[in-house]
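Structure first, commentary second.
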Amino acid sequence: MLDSTAAFGLNTGAMLKAILFDLDNTLVLFNENTFYRGYLSRIQELFADILPPEKFIQRLMAATRALVQNSGQMTNAEYFIEVFTDGLEAPKDKMWQRFMLFYESEYDKLNIDVTLPVNLHRTMRKIAQTGLKLVLASNPLFPLAVQMKRLAWSGLDSLPFTMVTHLENMSFCKPRVEYYREICQKINEPPESCLMVGNDPVNDMTGAIIGMKTYLTNDSKDDYLVTDRKMKVLTQLQITTIPEPDFTGPLAKVPDAIRRLSSPA
C-alpha cells in the first residue's frame, strides 16, 4: 500500500506533531457580527421570563468576556455560569439547563451564510493523511455539541480530530497563553511540536509566545484589526507584543508550511 505521507511529499518524522486550527473565518468564512446579532436576538427570548432582553444581553456578554480572566481553578463552563448568575435568584444548574435547551432546540435555526476557503476539503484531507494530530482550537466559548454544530458548517465534522476545545473541557480561553499550554498538556505534545493556524493576529498568534509555530490565514474578507478592546485584553494579560506569524497565506498553503517544518534542517 502506498504511504499517504510519502504520496504528498511530507516528512512527518521530524519535530512537528500537531496542527491546531481556529474555526471562525479560518475553516469556515462568514460575517461574525451579523451572525451574533441574530444569535443574541434569538437566545434572549428563551430567558425573557427571567431577565429583560437588555439585562440578559449585558449579563451574557459580561460573562463571556470574563472568561479571559478564568485562572484555571474551574472549567470555563463553571466560570461562565458563576459570573452569569451572580446576583440572580435562579439556581446555577437551572440556568445552565436553559442554555443547553437553547443549543439543543434553537441553535440550528439561526441563519448562517457561509462560504468555504478555496479547496478546503482537499487541503484538510491532505493534512489529515499526514498522521499529524489535528486539534480544533476554536475559542472555547461554547459546549462541545455547539462546537461540533459549528464545525459541521464547514463539512469537516467527520475529520479525526484528536481534540476539540470547548466550554467544558478547558479552563482558559484565547488569547491567553495558558489556553495553548492546556491544549499541549491534553494532547501530550510540547508547544515546539505544534503549528497554530488561524486568522486572528491576537487570538491565534499568541501561541508563539510559548514556542508554537504559527500560520496566519488570509482567506477571510472580514478585517481583523487589532482593536482597542483587544489591546486592553492583552495589557490585562501582560502581553506586550503580538508575535509575528511564521507563515502567512491562504489555508490551501498550510500543507506547504507543514512540509517546510517537517523537512530536515
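The values are calculated or read from the model by the stated rules, or taken from the named source; none is laboratory data. Source: prediction; values computed, not measured. Every residue, glycine as well, gets a Cβ built from its backbone with ideal geometry; the counts of neighbours run over all protein chains shown.
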ARG229 vs (1) in a helix (DSSP H, G or I); (2) within 24 Å of MET163 (Cα to Cα): all pass except (2)
If you go through the stretch 84-106 one residue at a time, how many are free of Cβ contacts under 8 Å to residues at least 24 places away in the same chain and farther than 22 Å from LYS149 by Cα? 8
Considering only residues that are modelled with pLDDT of 90 or more and of a type in the set (Asp, Glu), look in the stretch 78-93 and name the one that is surrounded by the fewest Cβ atoms within 10 Å (Cβ to Cβ). ASP93
Could you list, in sequence order, all residues of the stretch 1-23 that are out of contact with any helix residue (DSSP H, G or I) (no Cβ under 6 Å at 6 or more places or on another chain), of a type outside the set (Ser, Thr, Tyr) and modelled with pLDDT under 95? MET1, LEU2, ASP3, ALA6, ALA7, GLY9, GLY13
Of all residues in the stretch 27-56 being among the hydrophobic types (A, V, I, L, M, F, W, C) and closer than 15 Å to LEU141 by Cβ, which is surrounded by the fewest Cβ atoms within 10 Å (Cβ to Cβ)? LEU40
Considering residues of the stretch 41-82 that are in contact with a Pro (Cβ under 9 Å, 6 or more places away or on another chain) and without any contact (Cβ under 8 Å) to a residue 24 or more places away in the chain only, the residue farthest from TRP96 (Cα to Cα): SER41
Just to check your reading of the model, which residue among GLN44, GLN58 is outside any loop (DSSP other than H, G, I, E, B) and under 21 Å from ALA145 (Cα atoms)? GLN44
Report whether or not LEU167 is under 14 Å from the mean Cα position of the chain (by Cα), modelled with pLDDT of 95 or more and assigned to a loop (DSSP other than H, G, I, E, B). yes
Of all residues making up the stretch 61-79, the number that are small (Gly, Ala, Ser) and in a loop (DSSP other than H, G, I, E, B): 2
Scanning the stretch 164-213 residue by residue, those hydrophobic (A, V, I, L, M, F, W, C) and under 20 Å from GLN73 (Cβ atoms) turn out to be LEU167, MET170, PHE172, CYS173, VAL177, ILE183, CYS184
Taking the stretch 196-220 and keeping residues of a type in the set (A, V, I, L, M) and modelled with pLDDT of 95 or more leaves MET196, VAL197, MET205, ALA208, ILE209, ILE210, MET212, LEU216
Out of the residues in the stretch 235-262 that are polar (S, T, N, Q) and surrounded by 13 or more Cβ atoms within 10 Å (Cβ to Cβ), which is modelled with the highest pLDDT? THR248
For residues that are in the same structural domain as LEU156 (by TED's automatic domain parsing) and of a type in the set (Gly, Ala, Ser), scanning just the stretch 96-144, find the one that is surrounded by the most Cβ atoms within 10 Å (Cβ to Cβ). ALA137
